[in-house]
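To start, the structure under review is shown below, and the notes come after it.
The values are calculated or read from the model by the stated rules, or taken from the named source; none is laboratory data. Computed from a predicted model, the values in this text were never measured in an experiment. Note that we place each Cβ from the backbone using ideal geometry, even for glycine, and neighbour counts take in every protein chain shown.
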Amino acid sequence: MNAFLVLWRREMTGYFYSPVAYASLTFFLLVMGMTFYFLASVLADGVPGIGVMNLMFGSPFYWMTQMVVVPLLTMRLFAEERRTGTLETLLTAPVSDAAVVGAKFAGVYSFYLVMWMPTLLFLAVLHGLSAEIPPFDPGAVAGGYIGAALTGALFLAIGLVCSLTTSNQIIAAITCFALMILFFFSGFLEFISFHPAAVAVADYLSPHRHMIEFSRGAIDSRAVVFYLGATYFFLFSATRILESRHWK
């Protein structure tokens, strides 16, 4: 546990000294700020029946931030270690491969959650500008943020695996972006094939549809199990890939 905490602290410190991390944070807050400005304008006009959290987490702006920020945050996790040769030193240290993967993931996930914290201040602004009382459902707020946390965990785990398979950060970022796009559009299989199996797969995999439900305050246990299971699968795969390097 001590080794895990040391590695986690090392990763977190690295992000707060990384210009790429600050650029990602700036981009994220800028886009989300624009989204909240749009929502504030809608609420200030007194337009009834608007699902605030639905607009926030179901908009293309939300997915744009994920597709840009996640590859930028994860591309350095292992690729930089491989490029500088410090990965071999880390592998010979008295720490398990699972702890290394877990600490890397915990570090980037912690920074990801920190990125979302300032957006809570926007909710107070929306509450003050809204002509409706209350302007949004607390359950929808909780569901939206839970959905963002689950989706982010899965995407970050995918990015971690991509970073582990190459020493080039650009390649890691591009691969992560491609896999995220593939996963996102897998939810639209029902528009390609009307076969019942394709529709069922699309309904189960669609991150956009899941986020719409989360932002309504409807937390489906099947979606939660899917995101947690898929995140564990990618972290488990990363551990096995890291272990295979001992045999090279």
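Taken as a whole, the structure leaves G102 outside the set of residues that are out of contact with any Asp or Glu (no Cβ under 9 Å at 6 or more places or on another chain), surrounded by fewer than 16 Cβ atoms within 10 Å (Cβ to Cβ) and either modelled with pLDDT of 85 or more or not aliphatic (A, V, I, L, M) (or both).
Residues that are farther than 21 Å from L120 by Cα and modelled with pLDDT under 75 were ranked within segment 44-83; the one that is nearest to the chain's Cα centre (by Cα) is G49. Consider L182 against the criteria (1) touching a helix residue (DSSP H, G or I) at 6+ places or on another chain (Cβ under 7 Å); (2) assigned to a helix (DSSP H, G or I); (3) at pLDDT 80 or above; (4) not acidic (D, E): it satisfies all of them except one. Which criterion is unmet? In the conditions (1) touching a helix residue (DSSP H, G or I) at 6+ places or on another chain (Cβ under 7 Å); (2) assigned to a helix (DSSP H, G or I); (3) at pLDDT 80 or above; (4) not acidic (D, E), L182 misses (1) alone.
For G144, indicate whether it is at pLDDT 90 or above, buried (at least 22 other Cβ atoms within 10 Å of the Cβ) and of a type outside the set (A, V, I, L, M).
Details: at pLDDT 90 or above: no; buried (at least 22 other Cβ atoms within 10 Å of the Cβ): yes; of a type outside the set (A, V, I, L, M): yes.
So G144 does not fit the description; no.
Only one entry in L90, L126 is modelled with pLDDT under 85 and closer than 18 Å to Y15 by Cβ, namely L90.
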